[in-house]
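First the structure, in the form of structure tokens, and then the observations on it.
The values are calculated or read from the model by the stated rules, or taken from the named source; none is laboratory data. This one's a predicted model, so the numbers in the text were calculated from it and none came from an experiment. All Cβ positions, glycine included, derive from the backbone under ideal geometry; neighbour counts span all protein chains shown.
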Amino acid sequence: MIILDGKKTSQELKEEIAADVAVLRQQGKKVPHLAAVIVGNDGASLTYVSSKVKACEQVGFQSTLVKLPEDTTEEALLDKVKELNANAEIDGYIVQLPLPRHIDEEKVLLAIDPKKDVDGFHPANFGRMALELESFIPATPYGIMQLLERYDIDTQGKHAIVIGRSHIVGRPISILLSQKGKYANATVTLAHSRTTDLKTLVLQADIVVSALGIPNFVNADMVKPGAVVIDVGITRVSDADAPKGYRIVGDVDFDQVAPKASFITPVPGGVGPMTIAMLLKNTLLARERSEV
Ligand code: GUN
């Protein structure tokens, strides 16, 4: 069994990105600039956004954090989005989700200029991705594809099952795995809450991607020996003994499943760090694409 070390792989990716930034600097060109908008005070969202901003500094990007109060109106947020679209200094930006309930998420995502949509959530980018055209691939599925590639995992003709059909992870990774390509060409089943006899389906799979958000949902009885297991779950579970009062737990019962797997991602340290690295990669791509 080989552990897919997202921490190490994301570090390598960040070094590659930092080297590209150094070249831009040497050429007297503008370095990439990522902005992140956060509305409200959700603890987990604030943590994610600050990790994204910190990662920008590590690779030599410029970054801007836009913190708006919980009671920000939809109109005010849409104005901020327009401002970021028009600001030539900003190459790419994200609006951290979820948004407060009084704001229509769809309206906000549609207002983002697809050329600056480094999350890849705008329908124009999602559609372009599905059609194998130049786009921004959402960071988490992009990170999973990078892990498969960098560990040279054979996906050709394999049966992959994706558990969860979210717009951010499940649906896009199911599309990417089924596309043409050396680290794709899989036969994909997309399972969800209405799937019947999930266990039988997972047992048939050579590659299991779990993006459900239910701690320890995937156990050893569900996994075929030799399967590749990718755990996208990052649920916070209260733990009085942990320094922060909680632990991050994945969808996969790692201790049970790891001995049966050929490759497996740990939580934390698997897919999570890859997500941030791929957001940086998309921001670098946004910068490069705006040059031409
Ligand atoms: N909320 C959870 N994951 C993400 C993400 O990748 N991007 C944004 N904008 N919000 C999120």
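When Val66, Val37, Val49 are screened for being touching a residue at least 24 places away in the same chain (Cβ under 8 Å), among the hydrophobic types (A, V, I, L, M, F, W, C), part of a helix (DSSP H, G or I) and within 13 Å of the ligand (Cβ to nearest atom), only Val49 passes. Taking each residue of the stretch 123-140 that is part of a helix (DSSP H, G or I) and looking for partners that are within 13 Å of the ligand (Cβ to nearest atom) and of a type in the set (Phe, Trp, Tyr) with beta-carbon atoms closer than 9 Å, six or more apart or interchain, yields Asn125/Phe136; Arg128/Phe136; Met129/Phe136.
Of the residues Asp251, Asp206, only one is out of contact with any Leu (no Cβ under 7 Å at 6 or more places or on another chain) and modelled with pLDDT of 95 or more; which?
Values: Asp251 fails: out of contact with any Leu (no Cβ under 7 Å at 6 or more places or on another chain).
None of the others qualify; the one that does is Asp206.
With the structure loaded, tell me whether Leu84 is surrounded by 16 or more Cβ atoms within 10 Å (Cβ to Cβ) and assigned to a loop (DSSP other than H, G, I, E, B) or whether it fails that test. Here the answer is no, as Leu84 does not meet what is asked. Remark: pairs (first residue in the stretch 156-168, within 16 Å of the ligand (Cβ to nearest atom); second residue in a loop (DSSP other than H, G, I, E, B) and β-branched (Val, Ile, Thr); Cβ separation under 9 Å; 6+ apart in sequence or on different chains) = Gly164/Val232. Residues that are out of contact with any strand residue (DSSP E or B) (no Cβ under 6 Å at 6 or more places or on another chain) and of a type outside the set (Lys, Arg) within the stretch 213-231 comprise Ile214, Asn216, Phe217, Asn219, Ala220, Asp221, Met222, Val223, Pro225, Gly226, listed in sequence order. The C-beta contact set for the stretch 92-120 (first residue in contact (Cβ under 8 Å) with a residue 60 or more places away in the chain and on the phi < 0 side of the Ramachandran plot, second residue within 9 Å of the ligand (Cβ to nearest atom) and of a type outside the set (A, V, I, L, M), distance under 6 angstrom, 6+ apart or interchain) comprises Ile94/Asp119; Gln96/Ser45.
Among the residues that make up the stretch 97-104, is at least one of them at pLDDT 95 or above and not in a loop (DSSP other than H, G, I, E, B)? Walk me through it before giving the result.
First, the residues of the stretch 97-104 that are at pLDDT 95 or above: 97-104.
Then drop every residue that is not not in a loop (DSSP other than H, G, I, E, B), which leaves none.
Checking the stretch 97-104: not a single residue is at pLDDT 95 or above and not in a loop (DSSP other than H, G, I, E, B).
Looking at the stretch 207-292, the strands (runs of 3 or more DSSP E) lying wholly inside it that each contain 2 or more residues that are hydrophobic (A, V, I, L, M, F, W, C), more than 16 Å from the ligand (Cβ to nearest atom) and under 21 Å from the mean Cα position of the chain (by Cα) sit at 207-210, 228-231.
Can you find even one residue in the stretch 105-115 that is over 26 Å from Ile38 (Cβ atoms) and either out of contact with any Gly (no Cβ under 9 Å at 6 or more places or on another chain) or of a type in the set (Asp, Glu) (or both)?
Start the filter on the stretch 105-115 by keeping residues that are over 26 Å from Ile38 (Cβ atoms), which leaves none.
Within the stretch 105-115, not a single residue is over 26 Å from Ile38 (Cβ atoms) and either out of contact with any Gly (no Cβ under 9 Å at 6 or more places or on another chain) or of a type in the set (Asp, Glu) (or both).
Taking the condition among the basic types (Lys, Arg), free of Cβ contacts under 8 Å to residues at least 60 places away in the same chain and farther than 30 Å from Cys56 by Cα, does Lys244 pass? When the stated conditions are applied, Lys244 does not pass them. In the set Asp104, Asp117, Asp113, only one residue is crowded, with 23+ Cβ neighbours inside 10 Å and over 29 Å from Phe217 (Cβ atoms); that residue is Asp117. Of the residues making up the stretch 99-111, just one is in contact with an Asp or Glu (Cβ under 7 Å, 6 or more places away or on another chain) and within 10 Å of the ligand (Cβ to nearest atom), namely Leu99.
Here is the figure for the stretch 208-242: residues that are over 16 Å from Asp253 (Cα atoms) and surrounded by 13 or more Cβ atoms within 10 Å (Cβ to Cβ) total 1.
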